[in-house]
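All remarks here apply to the structure that follows.
The values are calculated or read from the model by the stated rules, or taken from the named source; none is laboratory data. In this text, all values refer to a predicted model and were calculated from it rather than measured experimentally. Neighbour counts are summed over all protein chains in view; Cβ atoms, including those assigned to glycine, are modelled from backbone coordinates with ideal geometry. Ligands, DNA and RNA are stripped out before the accessible areas are found, and what is left, the full protein with its side chains, is counted by its heavy atoms. Shrake-Rupley method; radii C 1.70, N 1.55, O 1.52, S 1.80 Å.
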Amino acid sequence: MLDRGDIRFFGNVRYGRDLTLEDLKRHYHAVIFATGAIRDASLDIAGIDAAGSYGAADFVSWFDGHPDVPRDWPLDAEQVAVIGNGNVALDISRMLIKHADDLLSTEVPDNVYAGLKQNPIQDLHLFGRRGPLYVKFTPLELRELGEVRDVDVVLDERDFGFEDPYVDSNLLTNKQVVVISRIMNKWRDEQANADREPASRRLHLHFWSKPTEVVRDESGRVSGIKVERTAPDGRGGIIDTGEFEVVPVQALYRAIGYFGSPLDEIPFDESRGVIPNEQGRVLGVDGAQVPGVYATGWIKRGPIGLIGHTKSDAMETLESLLEDRATWWQPDVIEAEAIVQLLHDRSVPYTTIEGWHRLDSHELALGEPEGRERIKVVSREEMTRVSRAE
Ligand code: NAP
């Protein structure tokens, strides 16, 4: 899309530091913020700040080679807990439990491969506060988890023993849930087969388990996760049973959702972590529309949904923007080169679509001698240098 040439791309430009709202008003008719949600939602239980307790978003940034996070990640636990039953929990579980060599066919950055190669993990415990058919996993991603080499999926038969009218009336009417049910049942059958060769790593799925405390050792490090067993309330929710269990782990990741971050001079809803808006039109504290300012994606609707949702969301914002033509900003300087000059005058090392292609070719070339599809460049300085052909 960018290669078509009618959209200019400026990378490595930070709103609020390199460009202000005033600058945008001077050069454009409107702005759409699509800044997403990159922080972890907080989990308010005792001990969550213990050493060895991490947010999934930070770990994802590390294994994706985000340039602004440290290059090293402490992977020193044999037993690890992951809290949450969404696709992010699945993604990080897969990364943690997979043998590093099986990632070489992917774009895994070198430092991540080296880190994961040292990972002593043996057991990963994945916790959901509701039942196996209430998960937010998508079937494809769940099935993939069962196909990871040398990893046994372990289920707890207690989790499948509830009478729950909500499952038949509301869940099994959904095709995705039916597929998920089949996947789980297949794993249960495999587990019941005593002849299976044990794998060297195990992935334990715990349902009806609500985290209540991160247990710490004397040094303040994670030594376990305390959960309360829950049960279905028959209406899609849970009831507490008063029965607690502690599973020993030395590291814990919470994957219970992302949270948006505020932007300079733009209204922000602190409780939901989004920019308040109506169909993409940003609203001020008084509830009135802020002219010229729009939002789309996770910063607009919260951190839920796949790419398809994001597309329809963008269409809605664009429709609002086009309808509002009469209230757009009236920029003083609309010459295309003016913004380039401004970035140049401020010594902002911005990158372009041509630079993106240079970096892409560079990464592919780095991978070639090693028989890998590409080797990702992780440092911001190097990315910028290669992109700008400096
Ligand atoms: P999500 O799908 O909303 O899942 C969040 C999970 O955290 C839910 O299982 C939720 O349980 C649980 N949770 C929330 N608060 C909790 C608490 N206090 N204690 C225990 N559990 C709690 O969010 P996500 O995994 O961050 O994913 C965000 C979106 O990105 C999703 O739409 C996802 O499908 C998408 N995504 C897709 C892919 C992919 O396609 N490969 C990869 C990553 C992300 P309840 O259901 O009980 O609330």
- Would you be able to tell me the number of residues in region 13-23 that are assigned to a loop (DSSP other than H, G, I, E, B), touching a residue at least 60 places away in the same chain (Cβ under 8 Å) and open to solvent by 40 Å² or more (accessible area, probe 1.4 Å)? 2
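Give 304, 299, 256 a once-over and let me know the one that is within 16 Å of the ligand (Cβ to nearest atom), closer than 28 Å to residue 28 by Cα and either touching a residue at least 24 places away in the same chain (Cβ under 8 Å) or not hydroxyl-bearing (Ser, Thr, Tyr) (or both). Working first, answer last.
Details: 304 fails: closer than 28 Å to residue 28 by Cα; 256 fails: closer than 28 Å to residue 28 by Cα.
Matching residue, one of 304, 299, 256: 299.
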- Message: Being within 9 Å of the ligand (Cβ to nearest atom) and closer than 16 Å to residue 228 by Cα is the filter here; which residues of region 120-135 pass it?
- Response: 127, 128, 129, 130
- Item | Counted residues, region 277-296 - those being open to solvent by 50 Å² or more (accessible area, probe 1.4 Å) and of a type in the set (A, V, I, L, M, F, W, C) | 1
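Each row is one residue, and each column tells you yes or no for (1) in a loop (DSSP other than H, G, I, E, B); (2) within 25 Å of the chain's Cα centre (by Cα).
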| site | (1), (2) |
| --- | --- |
| 129 | yes, yes |
| 133 | no, yes |
| 136 | yes, yes |
| 141 | no, yes |
| 145 | no, yes |
| 149 | yes, yes |
| 154 | no, yes |
| 159 | no, no |
| 170 | no, no |
- Query: Would it be correct to say that residue 181 is away from the ligand (no atom under 16 Å from the Cβ), at negative phi, open to solvent by less than 30 Å² (accessible area, probe 1.4 Å) and out of contact with any strand residue (DSSP E or B) (no Cβ under 8 Å at 6 or more places or on another chain)?
  - Reply: yes
- Go through region 199-246 and count every residue that is assigned to a strand (DSSP E or B), under 24 Å from residue 44 (Cβ atoms) and open to solvent by 30 Å² or more (accessible area, probe 1.4 Å). 18
- With respect to the numbered conditions (1) outside any helix (DSSP H, G or I); (2) surrounded by 21 or more Cβ atoms within 10 Å (Cβ to Cβ); (3) more than 11 Å from the ligand (Cβ to nearest atom); (4) within 19 Å of the chain's Cα centre (by Cα), which one is the sole condition not fulfilled by residue 70? (2)
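Go through the residues of region 130-150 one by one and say whether even a single one is closer than 28 Å to residue 377 by Cβ, in contact with a strand residue (DSSP E or B) (Cβ under 6 Å, 6 or more places away or on another chain) and among the β-branched types (Val, Ile, Thr).
First, pick out the residues of region 130-150 that are closer than 28 Å to residue 377 by Cβ: 141, 144, 148.
Next, only the ones that are in contact with a strand residue (DSSP E or B) (Cβ under 6 Å, 6 or more places away or on another chain) stay: none.
So far as region 130-150 goes, no, none of its residues is closer than 28 Å to residue 377 by Cβ, in contact with a strand residue (DSSP E or B) (Cβ under 6 Å, 6 or more places away or on another chain) and among the β-branched types (Val, Ile, Thr).
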- Restricting attention to region 43-54, which residues are exposed (fewer than 15 other Cβ atoms within 10 Å of the Cβ) and either near the ligand (Cβ under 9 Å from one of its atoms) or farther than 17 Å from residue 251 by Cα (or both)? 44
- Query: Does residue 299 satisfy being closer than 23 Å to residue 39 by Cβ, exposed (fewer than 13 other Cβ atoms within 10 Å of the Cβ) and out of contact with any Pro (no Cβ under 8 Å at 6 or more places or on another chain)?
  - Reply: no
- Query: Given (1) surrounded by 15 or more Cβ atoms within 10 Å (Cβ to Cβ); (2) without any contact (Cβ under 8 Å) to a residue 60 or more places away in the chain; (3) farther than 14 Å from residue 249 by Cα, where does residue 196 come up short, assuming only one miss?
  - Reply: (1)
- Message: For region 249-276, give me each residue that is open to solvent by 50 Å² or more (accessible area, probe 1.4 Å) and of a type in the set (D, E, K, R).
- Response: 264, 265, 270, 272
- Item | Scan of region 76-104 for residues that are part of a loop (DSSP other than H, G, I, E, B), open to solvent by 40 Å² or more (accessible area, probe 1.4 Å) and either within 16 Å of the ligand (Cβ to nearest atom) or hydroxyl-bearing (Ser, Thr, Tyr) (or both), ordered by number | 98
